[in-house]
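> Mind looking over this structure? Questions follow.
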Amino acid sequence: MKVHERFLNYVKFDTQSVPDVEIIPSSEKQKNLGRYLVEEMKSMGIKDAFMNENCYVYGTIEKNTDREIPVIGFIAHMDTSPDMPGNDIKSRIIENYDGSDIVLNE
């Protein structure tokens, strides 16, 4: 699967946060994306992928060289602002974008 295809799949998840909630994550539905990411990472060979109780997803990609190199960390924010809808997202790719205005919700 290509990177942009993965991204388009991720944005389909409703990860809308809930305001004024004192727990992390603020909604159970945010964990759906976290669980999916863990399974996807495992399918890619990341053996130690896991999600903790606060919905932080971790995993280690082992080096593929004998050289001593530093570990690289990746981090991403997974929830959607409560000010915007988190469901029924219809993403699109604009091929050969020319810089003109993009009309949303034609």
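The values are calculated or read from the model by the stated rules, or taken from the named source; none is laboratory data. If you're wondering where the values come from, they're calculated on a predicted model, not measured in any experiment. So basically every Cβ, Gly included, is an ideal-geometry build from the backbone, and we count neighbours across all protein chains shown. The area values use the complete protein model at the heavy-atom level, side chains included, leaving out ligands, DNA and RNA. Shrake-Rupley method; radii C 1.70, N 1.55, O 1.52, S 1.80 Å.
> Loop only per DSSP, at most 15 neighbouring Cβ atoms within 10 Å: give me the chymotrypsin sites (Phe, Trp or Tyr not before Pro) in the stretch 25-106, ordered by residue number.
Tyr56, Phe74, Tyr97
> With every protein chain kept in place and ligands, DNA and RNA left out, what is the accessible area per residue of the stretch 53-100? Probe 1.4 Å, answer in Å².
Heavy-atom SASA per residue in the stretch 53-100 reads 98 Å².
> Treating each Cα of the stretch 19-74 as an identical point scatterer and ignoring solvent, apply the Debye formula and state log10 I(q)/I(0) at q = 0.13, 0.17, 0.19 Å⁻¹.
Calculated log10 I(q)/I(0) at the listed q: -0.43, -0.63, -0.73.
> List the trypsin sites (Lys or Arg not before Pro) within the stretch 1-59 that fall in a DSSP loop (any state other than H, G, I, E or B) and whose Cβ has at most 16 other Cβ atoms within 10 Å.
Hits after loop and neighbour filter: Lys2, Lys12, Lys47.
> Reachable aspartates and glutamates from Lys31, Cα under 12 Å, same-chain residues fewer than 8 places away excluded?
Reachable aspartates and glutamates: Asp14, Glu53, Asp79.
> Hey, got a sec? Which GluC sites (Glu not before Pro) in the stretch 30-86 land in a DSSP loop and have at most 14 other Cβ atoms within 10 Å?
Answer by residue number: Glu53, Glu62, Glu68.
> Moving on. Considering only protein heavy atoms and a 1.4 Å probe, what is the carbon-and-sulfur percentage of the accessible area of the chain?
54
> Here is a further query. Taking R0 as 22 Å, what's the FRET efficiency between Met84 and Lys42 from their Cβ-Cβ distance, rounded to 0.05?
0.15
> Continuing with this model, one more query. Rounded if a/c is under 1.5, else prolate if a/b is larger than b/c, else oblate: which is the chain, with a ≥ b ≥ c the root eigenvalues of its Cα gyration tensor?
Details: a/c = 2.36, a/b = 1.25, b/c = 1.89.
Cα axes put the chain in the oblate bin.
> Same structure again: What is the distance, in nm, between label points placed 7 Å from the Cα along the Cα-to-Cβ direction at Met1 and at Asp66?
Label-label distance for Met1 and Asp66, simple model: 3.6 nm.
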